[in-house]
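Read through the structure below, which is laid out as structure tokens, and then see the notes.
Bear in mind that the values in this text are calculations on the coordinates, not laboratory data. Given the structure is predicted, the values throughout are model-derived calculations rather than measurements. With ideal geometry, Cβ positions are generated from the backbone for all residues, glycine too; neighbour counts draw on all protein chains shown.
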Amino acid sequence: MTRGWCKEYTAASYTVVMSIVRNIAGITKGMSITFREMLQPTEVENYPDGPGPTRGAVLQERFRGAHELQRDENGLEKCVACFLCAAACPSNCIYIEAAENTAEQRISSAERYAKVYNIDYNRCIFCGYCVEACPTDAITHGHGFELASLNATNLVMRKEDMLVANVGMPGQLAAHSDSLK
């Protein structure tokens with residue numbers, strides 16, 4: 001009777017010992033990787049001090065950054081105030097006020113233009129629906145990514161903040177665009 005009990009005890013202890021050995025082997029394997037990586041030299045990328053406008057950050061072509069309002073080849077705004085971007089926006093962060101173009105002062109090539117065009121980045125989710133909805137390709141995603149601010153009012157971008165540079169604009173239009181700022 002003693003012998004049977006000893007065999008059961010030996011089999012049970014063998015299972016426990018093998019379980020402990022497997023656990024120790026797993027921990028040793030994980031710690032070996034940790035110590036090996038710990039001894040490797042650290043690679044540091046100085047993000048804020050890199051070259052160029054992105055300061056060293058690598059951006060993919062399809063990156064959705066801060067919005068830009070485009071101009072046509074004559075320097076006129078492409079936005080025709082059709083409100084499709086505002087209608088497509090799921091977070092309702094786009095606010096537009098339309099105005100009529102006059103013969104003496106053309107802002108856009110169409111009958112109307114966006115007198116006020118604001119995007120509230122407190123609400124924007126960068127989904128890209130506004131870009132897809134625009135029939136004139138007036139709004140695009142740029143590569144601007146540093147939008148953080150301690151003040152929520154700084155995150156409401158106005159039309160003047162989003163318009164691309166005045167390169168190649170006629171004199172009267174450039175002066176008007178600069179006076180908006």
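Can you check what the net charge comes to around C93, using other residues whose Cβ is under 11 Å from the Cβ of C93 (Lys, Arg +1; Asp, Glu -1)? Please report the intermediate quantities before stating the final value.
Working: positive: R123; negative: D120.
Charge balance near C93 sits at 0.
Roughly what % antiparallel, to the nearest 5, for the DSSP beta bridges in region 67-180? Please list the in-between numbers first.
Working: 13 of 15 bridges.
Close to 85 percent.
Given points 7 Å out from each Cα along the Cα-Cβ axis, report the Q40 to A165 separation in nanometres with one decimal.
Taking the two extended label points, one gets 4.1 nm.
I'd like the per residue volume of the convex hull spanned by the Cα atoms of region 67-180, given in cubic angstrom. Provide the component values of the computation, followed by the final result.
Values: hull volume 11.8 nm³, N = 114.
Dividing the Cα hull volume of region 67-180 by its residue count gives 104 Å³.
At R0 = 30 Å, how high is the FRET efficiency between N23 and C127 if r is their beta carbon distance? Nearest 0.05 is fine.
Working: r = 47 Å, r/R0 = 1.57.
With a Förster radius of 30 Å, E is 0.05.
Karplus couplings for region 133-141 from phi (6.51 cos²θ - 1.76 cosθ + 1.60, θ = phi - 60°), rounded to Hz, Gly and Pro as x?
Taking θ as phi minus 60°, the curve returns 6, 5, x, 9, 6, 6, 10, 9, 8 Hz for region 133-141.
For a label point 7 Å from the Cα of L155 along Cα→C-beta, name the residues of region 74-101 whose backbone N is under 17 Å from it.
90-95
If I take R0 = 22 Å and measure r between the Cβ atoms of A103 and N74 in this structure, what FRET efficiency does the formula 1/(1 + (r/R0)^6) give, to the nearest 0.05?
Details: r = 16 Å, r/R0 = 0.71.
Given R0 = 22 Å and the Cβ-Cβ separation, E is 0.90.
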